[in-house]
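A short write-up of the structure that comes next.
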Amino acid sequence: MGRPAAVAAFLLLALVFTPATAAWAKERPPTRIWDPQIEPIAHAVSRIRGLGFTHPVTVNFVAPRRFEVQAADGAAALSSDDRRWFRDEAARLRALGLIPAGVDLAKATTALARSSELAYYDPGQEEIFVKGAKLDVSTRVTVAHELTHALDDQNFGLDHVDSRIHDSVSDLAVASLVEGDAEWVMLRYAASLTGPERRAYAANGRKLNAELSNRLVGAHIPSILDVAGAAPYTYGALMIDAVRARGGQPALDRMFRRPPTDDRSVLAVEHPAAQRHTLAAPPVPTAERRVLQKDRLGSVGLYHVLVSRLDPLTALHAAAGRDDDRMLVTRRADGVACVHLTITARTAGDRARLVDALTAWSAAGTPGAAAVATSADPTPAGGDPVEFTACDEPGASAPPNFTPPAVLVMLRSEVVIAGLRRHAAGPMIECVADHLLADPAVRDALPAQLTDEGSSSIGLRAAVKAGAAAAQQACGVLLTPRSIGRAA
């Protein structure tokens, strides 16, 4: 359990990628006393989360070179089957408009992983491993994140939580619960620091984000990899905030006891955590062969696909109305990879928006590469399932930078949370969110690369404040996002 990071957010996050269980970690009985440096952080984490530790947690400080060598060894071990999977996955991402042609996905993923390691919690060892020996303010904040994992593990059992994972969408749902909770606690721990400590943490975060951004650009890593990797942290922390706003800590604890298996509430935080439904996967078309395991795209994935060619508000409305989906990836006889999706919607209106969005997305791509159809298998609420096919045909335009649309998702979640705290009616909340997301000033305030540098952060806050005031006139309620564009 670690913190893979987000260049794509104003949250100042220290990056962590979760390697395999460390070879240098030795089995040992649980420690009976806290490290004096760690104990105050643990007490703060316990108070913020509202749970108690059953026993102290060992925190190991590992020499940077040793840490990096271990991770590099794991990242290099790609079999021929692994490389085939990366080729097929890259074709799937190209077909859905998420990465440009020519990307070596295995190389890009490895570069992203190697650029982002700082610390992790190992549930098997029940210990935390930190890169380096310096317990500065940034490391303390990172340790607060990892201690939250240990705290949740001791109270709920992370193996129980992980047992709900059966595909990539349930993986994102569970990761957003686990990492979102740790991020939520970490951000509040950071906010409790002294003024000089907060300034030092913010400055170090800006420096880290700038360095990471330069490395990612230099390595030609598609922005979707950064945004999707950060989603359990950035989107997840806001999902946790919404759960607490609706039902307090008891609601969050119930969520850990029965983890979600669908990611709808990760994208649209006003919805309760969802479970997957019974839905048949698309059949393999004649003269095609399946190349990846049957999977789902999910609400977050659907938003990312749609926003690659459509405006964020249209993409969000369509993706938030998704009920469930099934995904199949095949190769035709000519070697072209195709993605086949069966998607159900929550209501008839949601289905109509979904069909319109997918049709518009298809029209914006290579002619003939994608198609939308309806199924003859009826569902009670949302009408017939929508059948969608997209193939990896040449000629599609390069995808956009996915960072600004990701921040707009976070902005919408902030609006919803503000509304939940004020017990505002759902239509009022949606009205304010729509106004802000459609506001040209808000969109113009999002630079091509968000680094939380002073002027861009201040500009976004000013645009959101003015937009919220304008939305009040139209919607009858003032819902101002509290933390967008500022460090925790």
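Being among the β-branched types (Val, Ile, Thr) and under 29 Å from Arg87 (Cα atoms) narrows it down to one residue among Val407, Val372; which is it? Step through it out loud before you land on a result.
Numbers: Val407 fails: under 29 Å from Arg87 (Cα atoms).
None of the others qualify; the one that does is Val372.
Conditions (1) farther than 16 Å from Asp122 by Cβ; (2) in the same structural domain as Gly50 (by TED's automatic domain parsing); (3) of a type in the set (A, V, I, L, M, F, W, C), marked per residue:
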residue: Val161; (1), (2), (3): no, yes, yes
residue: His166; (1), (2), (3): yes, yes, no
residue: Ala173; (1), (2), (3): yes, yes, yes
residue: Ser176; (1), (2), (3): yes, yes, no
residue: Trp184; (1), (2), (3): yes, yes, yes
residue: Leu193; (1), (2), (3): yes, yes, yes
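For region 154-197, enumerate the residues that are over 17 Å from the mean Cα position of the chain (by Cα), charged (D, E, K, R) and within 15 Å of Val143 (Cβ to Cβ).
Of everything in region 154-197, those that are over 17 Å from the mean Cα position of the chain (by Cα), charged (D, E, K, R) and within 15 Å of Val143 (Cβ to Cβ) turn out to be Arg188, Glu197.
Identify, from the list Leu208, Leu172, Leu187, Leu193, the residue that is without any contact (Cβ under 8 Å) to a residue 60 or more places away in the chain and touching a helix residue (DSSP H, G or I) at 6+ places or on another chain (Cβ under 9 Å). Write out each step before concluding.
Numbers: Leu208 fails: without any contact (Cβ under 8 Å) to a residue 60 or more places away in the chain; Leu172 fails: without any contact (Cβ under 8 Å) to a residue 60 or more places away in the chain; Leu187 fails: without any contact (Cβ under 8 Å) to a residue 60 or more places away in the chain.
Going through Leu208, Leu172, Leu187, Leu193 in turn, just one is without any contact (Cβ under 8 Å) to a residue 60 or more places away in the chain and touching a helix residue (DSSP H, G or I) at 6+ places or on another chain (Cβ under 9 Å): Leu193.
Under the condition of being within 13 Å of Ala315 (Cβ to Cβ) and touching a helix residue (DSSP H, G or I) at 6+ places or on another chain (Cβ under 8 Å), which residue from region 341-368 is surrounded by the fewest Cβ atoms within 10 Å (Cβ to Cβ)?
For region 341-368, the residue satisfying everything is Asp356.
Condition test on Ala463, is it modelled with pLDDT under 90, in contact with a helix residue (DSSP H, G or I) (Cβ under 7 Å, 6 or more places away or on another chain) and part of a helix (DSSP H, G or I)? Don't jump to the end; show me each part of the working.
Working: modelled with pLDDT under 90: yes; in contact with a helix residue (DSSP H, G or I) (Cβ under 7 Å, 6 or more places away or on another chain): yes; part of a helix (DSSP H, G or I): yes.
Yes: the conditions hold for Ala463.
Here's a check for you: in region 258-284, which residue that is of a type in the set (Gly, Ala, Ser), under 22 Å from the mean Cα position of the chain (by Cα) and part of a loop (DSSP other than H, G, I, E, B) is surrounded by the fewest Cβ atoms within 10 Å (Cβ to Cβ)? If you could, list the steps in order and put the result at the bottom.
Looking only at region 258-284, we keep the residues that are of a type in the set (Gly, Ala, Ser), and these are 265, 268, 273-274, 280-281.
Okay, now just the ones that are also under 22 Å from the mean Cα position of the chain (by Cα), so 265, 268, 273-274.
In the following step, the residues that additionally are part of a loop (DSSP other than H, G, I, E, B) were identified as 268, 273.
Details: Ala268: 26, Ala273: 21.
If we take residues in region 258-284 being of a type in the set (Gly, Ala, Ser), under 22 Å from the mean Cα position of the chain (by Cα) and part of a loop (DSSP other than H, G, I, E, B), then Ala273 is surrounded by the fewest Cβ atoms within 10 Å (Cβ to Cβ).
Determine the pairs where a residue that is surrounded by fewer than 15 Cβ atoms within 10 Å (Cβ to Cβ), located within region 239-254, has a partner that is small (Gly, Ala, Ser) and modelled with pLDDT of 95 or more with Cβ atoms under 6 Å apart, the partner being 6 or more residues away or on another chain.
Qualifying pairs under 6 Å: Gln249/Gly50.
With the structure loaded, tell me whether Ala106 is surrounded by fewer than 18 Cβ atoms within 10 Å (Cβ to Cβ) and out of contact with any Ser or Thr (no Cβ under 6 Å at 6 or more places or on another chain) or whether it fails that test. Talk me through it step by step, then tell me what you get.
Numbers: surrounded by fewer than 18 Cβ atoms within 10 Å (Cβ to Cβ): yes; out of contact with any Ser or Thr (no Cβ under 6 Å at 6 or more places or on another chain): yes.
In short, yes.
Exactly one of these conditions fails for Cys338: (1) in a strand (DSSP E or B); (2) surrounded by fewer than 19 Cβ atoms within 10 Å (Cβ to Cβ). Give me its number.
(2)
The values are calculated or read from the model by the stated rules, or taken from the named source; none is laboratory data. Computed from a predicted structure; not experimentally measured. All Cβ positions, glycine included, derive from the backbone under ideal geometry; neighbour counts span all protein chains shown.
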